[in-house]
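Novice: Supplied in structure tokens, the structure appears directly below.
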Amino acid sequence: VLASLKWLARHQERDGSWSVLNHVEQCNAVRKGSCGASPGRQDFTPGVTGLALLAFLGAGYTHISRDAHDGIVFGDVVRRGLQWIMTRQDAEGCVGPRTAAKYLYNHVLCALALSEAYGMTASTLFKDAAQRAVDFTVAAQNPGKGWRYAIRPGESDTSVTGWAVMVLKSAEIAGLEFPRGAYDGARKWLDEVTGDDFRAGYRFKGSGKTIIRGDNELFSHHETMTAVAVMARTFMDRRRDATIAGGCALLARDEPEWDGGEADFMFWYAAALALYTAEGPSSALWRRWNEKLKTTLVPRQRTRRDGCADGSWDPVDRWSGEGGRVYATAINALTLEVYYRYVSAFTGGSR
Ligand SMILES: [Zn+2]
């Protein structure tokens, strides 16, 4: 985790953001060359900036941390990142331009970073921005349903809905305000897309594999939406019922593999969070799956021998065509932080 944070710190833009494509301009010549061109869509720069900040916050670093690595103070990294997010917030609380494709992804990831930063520090620097980001998250929900790419677009999907629930849960823990009825819509959406076999669909029940045509259709299908649904239900209700247990059994059968189009960092993140929080750290399901996760993920992290790429993961999974090396590194760091980022929902404590 520390190596990945050091890579992120070295590749932050001067303005405080992390750029999906241009982060290679920050590459450190002293460490031998560049990380190489990254795939990705520049539109998602606010989203990967939120993810990168969540990786620091999840490891316990805030804007007041004095820890320095490679001459970079982590507290400064976090402060500059959060300040950048706040300068990208509009009058209604939306972070990032509404002209960007799928702009609600950018918003929810930045809203989560603001809310966690406020929850950890109670700093007045972030309270207003965090509250307004939560307000916009609530405003963007389809009435009585879930969320999708824009403000109340009529249709919902389970992926954005999962992140929005995380924003609300974080807001609840941080003492920010929102109407609890927002959870009812999320539950209703999840019930609507969950089948008798406990699989949760993306846009509808039984939707199966989700692809971006011309980009990732060769990658394998995983029960990512089931993982997101289990995670969201667990965070909202803190109750392990048959739907959650059935979903976890499906996840546990799909053990992490890297080769042959199997790599899916988003699936591993959501499944790790779902299994750890719903089944608990001492459960057999979690322990066996996590052993496979560790032996799949950790040996693929770039090391000192790889020069500037040290600490990062190559952007080669199913979703790297969207978020590039910053996404790959931040989300894998978050996956490895699952042990301490949230305590098990059923063994006491909220975080
Ligand atoms: Zn680099």
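Novice: Quick one: 3J(HN,Hα) in Hz for the stretch 75-82, Karplus 6.51/-1.76/1.60 with θ = phi - 60°, rounded, Gly and Pro as x.
Specialist: x, 5, 4, 5, 4, 5, x, 5
Novice: List the residues, sorted by chain then number, that are 5 or more residues from Thr194 or on another chain and whose placed amide H is less than 5 Å from its amide H.
Specialist: Counting only residues 5 or more places away or on other chains, the set is Gly201.
Novice: Compute the Cα gyration tensor for the chain, then decide on rounded, prolate or oblate, letting a ≥ b ≥ c be the square roots of its eigenvalues: rounded whenever a/c is under 1.5, prolate when a/b is larger than b/c in the other cases, and oblate in all that remain.
Specialist: rounded
Novice: Amide H to amide H, which residues 5 or more places from Asp157 or on other chains are under 5 Å from it, using H placed in the peptide plane?
Specialist: For Asp157, whose amide H was placed from the backbone, the distant partners under 5 Å are Trp147, Arg148.
Novice: While we're on this one: Over all directions, what mean area does the Cα convex hull of the stretch 92-204 project, stated in square nanometres?
Specialist: Spelled out: convex hull of the Cα atoms, projected over all directions, averaged, 6.8 nm².
Novice: Using a simple spin-label model with points 7 Å from Cα along the Cα→Cβ vector, what separation in nm is obtained for Glu177 and Ser282?
Specialist: So the label points at Glu177 and Ser282 sit 4.2 nm apart.
Novice: While we're looking at this one, here's another question. Given only helices, namely DSSP H runs of n ≥ 4 each adding -39500 (n - 2.57), what is the per-residue ellipticity at 222 nm of the chain, to the nearest 500 deg cm²/dmol?
Specialist: Theoretical 222 nm ellipticity from helices: -16500 deg cm²/dmol.
Novice: Residue by residue, what Karplus-based ³J(HN,Hα) values in Hz, rounded to whole numbers, does the stretch 172-178 have, using 6.51, -1.76 and 1.60 with θ = phi - 60° and x for Gly and Pro?
Specialist: 4, 5, 7, x, 7, 9, 6
Novice: Skipping prolines and chain starts, which residues have an amide H placed within reach, meaning under 5 Å, of the one on His69, given they are 5 or more residues away or on another chain?
Specialist: Phe74
Novice: So what's the projected area for the stretch 67-108, the Cα convex hull averaged over all directions, in nm²?
Specialist: 3.8
Novice: Write out the trypsin sites (Lys or Arg not before Pro) in the stretch 1-58 meeting two conditions: DSSP loop, and at most 14 other Cβ atoms within 10 Å of their Cβ.
Specialist: Of the trypsin sites (Lys or Arg not before Pro), the ones in loops of the stretch 1-58 whose Cβ has at most 14 other Cβ atoms within 10 Å are Arg14, Lys32.
Novice: Taking Rh as the Kirkwood radius computed over C-alpha pairs, what is the Stokes-Einstein D of the stretch 93-145 at 25 °C in a medium of viscosity 0.890 mPa s, expressed in µm² per second?
Specialist: It comes out at roughly 215 µm²/s.
Novice: For the stretch 114-131, take each phi angle, set θ = phi - 60°, evaluate the Karplus expression 6.51 cos²θ - 1.76 cosθ + 1.60, and give the result in whole Hz per residue in order, putting x for glycine and proline.
Specialist: Ordered by residue, 3J(HN,Hα) equals 4, 5, 5, 4, 5, x, 7, 10, 6, 6, 5, 4, 10, 4, 5, 5, 5, 4 Hz.
Novice: Counting other Cβ atoms within 10 Å, keep those with at most 14, restrict to DSSP loop, and tell me which trypsin sites (Lys or Arg not before Pro) in the stretch 63-120 are left.
Specialist: Here the sparse-neighbourhood loop sites are Arg66, Arg98.
Here, each number is a calculation from the coordinates, and none is a lab measurement. Just so we're clear, the structure is a prediction, and the values are computed from it rather than from any experiment. Cβ: placed from backbone, ideal geometry, glycine included. Neighbour counts: every protein chain shown.
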